[in-house]
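Engineer: Before anything else, here's the structure in question.
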Amino acid sequence: MGEKRYNMQQYAMIFGTYMGVFWILKFTLVPLGMTSPFLLLLFICLTLCVPFMGYYYTKIYRDKVCGGTIGFLHAWVFDIFMYVCAALLTAVAHYVYFRFIDQGFMLDTLRQMLDTLTAENMPGMEEYIKQMKANIDTMGTLTPTDITLSMVSSNIYYCALLSIPTALIAMRRKKKSDFGTGINNPE
């Protein structure tokens, strides 16, 4: 059992690293997507690929390490470990971006978008615009550490929920003929 647990953690870290690198590359599209809608759409599409990648990595782990069978709890814990490793790796990139690279670019871009919306003078939007300005001002008070911790906790929370259906789909039990000889086995 100890070696199996070691293998699970080892493979979760390896696949979590792959997933984390994917998330980091995907995150580079967020600031670029603030000026180009196509890149933001590409970010959303790549985000929708995450559950399929999680299933693919769980399937590889099931087939190569577990001999083709894995229970729900085992698959779920593997997925959670994998997503936590990915979230921790991505958190480093988030912190570096918000601490050293962003320098208020995202907030300034959001303010410009809101100013453009305000200039349109659409009726009934005053309350919405006022609330958005308050939200942007609140976001401006957050430190890079606050932003990073918020993103890590939301990544882990959503991925823990996402790993439930992934584990249900990826689990595979032994066939009845694999359980050995017994009364019910007609040999």
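Engineer: What's the number of the only condition in (1) within 24 Å of Thr145 (Cβ to Cβ); (2) touching a Ser or Thr at 6+ places or on another chain (Cβ under 8 Å) that Phe78 fails to meet?
Structural biologist: With respect to (1) within 24 Å of Thr145 (Cβ to Cβ); (2) touching a Ser or Thr at 6+ places or on another chain (Cβ under 8 Å), Phe78 is out only on (1).
Engineer: Out of all the residues in the stretch 120-143, which are hydrophobic (A, V, I, L, M, F, W, C), closer than 22 Å to Leu40 by Cβ and assigned to a helix (DSSP H, G or I)?
Structural biologist: Passing the criteria: Ile129, Met132, Ile136, Met139.
Engineer: Out of Thr141, Thr116, which single residue is over 17 Å from Trp23 (Cα atoms), at pLDDT 95 or above and surrounded by fewer than 11 Cβ atoms within 10 Å (Cβ to Cβ)?
Structural biologist: Only one candidate passes the filter, namely Thr141.
Engineer: Next question, about the same structure. Regarding the stretch 49-68, can at least one residue be identified that is under 15 Å from the mean Cα position of the chain (by Cα) and surrounded by fewer than 12 Cβ atoms within 10 Å (Cβ to Cβ)?
Structural biologist: Yes, the conditions are met somewhere in the stretch 49-68.
Engineer: Could you list, in sequence order, all residues of the stretch 58-73 that are farther than 19 Å from Tyr158 by Cα and either touching a Pro at 6+ places or on another chain (Cβ under 8 Å) or of a type outside the set (Gly, Ala, Ser) (or both)?
Structural biologist: Just the residues of the stretch 58-73 that are farther than 19 Å from Tyr158 by Cα, to begin with: 59-71.
Passing the criteria: Lys59, Ile60, Tyr61, Arg62, Asp63, Lys64, Val65, Cys66, Thr69, Ile70.
Engineer: Evaluate the following for Asp79: is it within 18 Å of the chain's Cα centre (by Cα), among the charged types (D, E, K, R) and in a helix (DSSP H, G or I)?
Structural biologist: Yes; evaluated as a whole, the condition is true for this residue.
Engineer: Looking for something outside any helix (DSSP H, G or I), exposed (fewer than 15 other Cβ atoms within 10 Å of the Cβ) and on the phi < 0 side of the Ramachandran plot - is there at least one such residue anywhere in the stretch 83-106?
Structural biologist: Within the stretch 83-106, none of the residues are outside any helix (DSSP H, G or I), exposed (fewer than 15 other Cβ atoms within 10 Å of the Cβ) and on the phi < 0 side of the Ramachandran plot.
Engineer: Still on this structure: Does the stretch 43-76 hold any residues that are of a type in the set (Lys, Arg) and touching a residue at least 60 places away in the same chain (Cβ under 8 Å), and which are they?
Structural biologist: Once the filter is applied, which keeps residues that are of a type in the set (Lys, Arg) and touching a residue at least 60 places away in the same chain (Cβ under 8 Å), the stretch 43-76 yields Lys59, Arg62.
Engineer: Also: Within the stretch 14-34, which residues are more than 11 Å from the chain's Cα centre (by Cα), surrounded by 16 or more Cβ atoms within 10 Å (Cβ to Cβ) and of a type in the set (A, V, I, L, M, F, W, C)?
Structural biologist: Phe15, Leu29, Met34
Engineer: With the requirement that a residue be over 24 Å from Gly104 (Cα atoms), among the small types (Gly, Ala, Ser) and part of a helix (DSSP H, G or I), what does the stretch 18-72 give you?
Structural biologist: Result: Gly20, Gly54.
The values are calculated or read from the model by the stated rules, or taken from the named source; none is laboratory data. Everything quoted here is computed from the prediction, not taken from an experiment. Please note: Cβ atoms are built from the backbone with ideal geometry, for glycine as well, and neighbour counts cover all protein chains shown.
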